[in-house]
1. Can you list residue pairs whose Cβ atoms sit under 8 Å apart, with the first residue in the stretch 178-197 being more than 22 Å from residue 26 (Cβ to Cβ) and the second being in a loop (DSSP other than H, G, I, E, B) and modelled with pLDDT of 95 or more? Count only pairs 6 or more apart in sequence or on different chains.
2. Quick check: anything in the stretch 118-137 outside any loop (DSSP other than H, G, I, E, B), in contact with a Phe, Trp or Tyr (Cβ under 8 Å, 6 or more places away or on another chain), at pLDDT below 95 and more than 14 Å from residue 29 (Cα to Cα)?
3. For the stretch 59-106, give me each residue that is assigned to a loop (DSSP other than H, G, I, E, B), under 16 Å from the mean Cα position of the chain (by Cα) and surrounded by fewer than 24 Cβ atoms within 10 Å (Cβ to Cβ).
4. If residue 196 satisfies all but one of (1) buried (at least 22 other Cβ atoms within 10 Å of the Cβ); (2) in contact with a Ser or Thr (Cβ under 8 Å, 6 or more places away or on another chain); (3) β-branched (Val, Ile, Thr), what's the number of the condition it fails?
5. Out of everything in the stretch 96-127 that is polar (S, T, N, Q) and touching a strand residue (DSSP E or B) at 6+ places or on another chain (Cβ under 9 Å), what residue ends up being farthest from residue 22 (Cα to Cα)?
6. Pairs under 8 Å by beta carbon, first residue in contact (Cβ under 8 Å) with a residue 60 or more places away in the chain in the stretch 64-75, partner surrounded by 20 or more Cβ atoms within 10 Å (Cβ to Cβ) and in a loop (DSSP other than H, G, I, E, B), six or more apart or different chains?
Amino acid sequence: MGLIKINGIQLFVEVKGAGFPIILIHGVGGNHQAHLRNVIGPLSKTFKTIAFDCRGHGQSDKPLEYTIEDHVNDVLGIMDHFGLEKAHLLGVSMGSYIAQLVAITTPGRIDKLILTVTKSNGLTSSIQRLFKENEKEIEGLDMHATILKLLKYMVYDPELMKNHLEIFETTLSPEQFAAANKAIGAFDFRNLLSKITAKTLVISGKYDGLNPPADGKEVASLIKDATFVEMEYSGHAPTFEEPQTYINIVERFLLGK
C-alpha cells in the first residue's frame, strides 16, 4: 500500500491477502516489518492482514508528542478507511497495550483479540524499566551494546536472538524514542479489561523478563473467558524464537480449531 492520511498524519500501511481482516500492531521503537514479518506471511494466506507503522515509528509521521489514545484512534481510523465494521486484532508488546485499549473502547468492533507478551499496567515502557534496573551494567554503552548486554533478560536463547536484534533496537532518534516510550507510560487497564467482549487469546514467553508470564496471566484473568498460553522456549520475542509454534497457536485460535 504505502502512506495513508489518518487523523491528520501519514501512516504507512501494508495490506496482504484476502479474507476476514486482521490488524497487526508492532512493539515500541520498531516497525511492522521488523517485528511482524514472521506473522504477516503465514496469516495472509487465510486472512486480509493489515499491518502498519504506528505513529512515531517506521515510515509513518513522527510527531514528538502523542498518546496511547492517539494510537487507538489510528487503529480505528484505519478500520474506517478500509470500511471495516469488525476485525481481528493482534498486538505484540506495545501493540498489545494499544490493542487492549481498542477492545476496551470499542468492544463491538473487535471480533477476536490476540495479546502477545503483554501487561495490564505500567509506569514506563518495559524496555525503559529494564534499562533503569540495569543502569550500572549498561552505563556508557550505545543502543546496540546495551541490547546485547541485556538480551539474557529478554529471551530464552540469547545466541539465537543475536541474529534478530532489530526487534529490540531502534532506528528512531533519542527524541523520537523518548516520545514513543512516553506514549505508553503510566497506563493501567486493570479496572477496564472486563469491558472487552472479544474472544481473547493471551500469549506469553516463559523466559520474558520484560513482560513476564505473570503479567500475561493477570491480563487473561481480567478478560472474560480469555485463554492464556505460555510458550516454553520463548522470552519477549516468540514470533522469532518459536515462529511456527506461535503461528500454529494463533491460527488454531482464529480458525476455531
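1. Between residues of the stretch 178-197 that are more than 22 Å from residue 26 (Cβ to Cβ) and residues that are in a loop (DSSP other than H, G, I, E, B) and modelled with pLDDT of 95 or more, the close pairs are 188/120; 190/120; 194/223; 194/224; 197/224.
2. Yes, the stretch 118-137 has at least one match.
3. Residue satisfying the conditions is 67 alone.
4. The single condition residue 196 does not satisfy is (2).
5. It comes out as 121.
6. 66/55; 66/56; 68/184; 70/55; 71/54; 71/55; 74/54; 74/55
So that you can scan it fast, the table gives a plain yes or no per residue for (1) at pLDDT 95 or above; (2) of a type in the set (Val, Ile, Thr); (3) not in a loop (DSSP other than H, G, I, E, B):
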{"residue": "176", "(1), (2), (3)": "yes, no, yes"}
{"residue": "191", "(1), (2), (3)": "yes, no, no"}
{"residue": "200", "(1), (2), (3)": "yes, yes, yes"}
{"residue": "203", "(1), (2), (3)": "yes, yes, yes"}
{"residue": "211", "(1), (2), (3)": "yes, no, no"}
{"residue": "218", "(1), (2), (3)": "yes, no, yes"}
{"residue": "235", "(1), (2), (3)": "yes, no, no"}
{"residue": "240", "(1), (2), (3)": "yes, no, yes"}
{"residue": "246", "(1), (2), (3)": "yes, no, yes"}
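The values are calculated or read from the model by the stated rules, or taken from the named source; none is laboratory data. Model, not experiment: these values are computed from the prediction. Neighbour counts run over all protein chains shown; Cβ positions are idealised from the backbone, glycine included.
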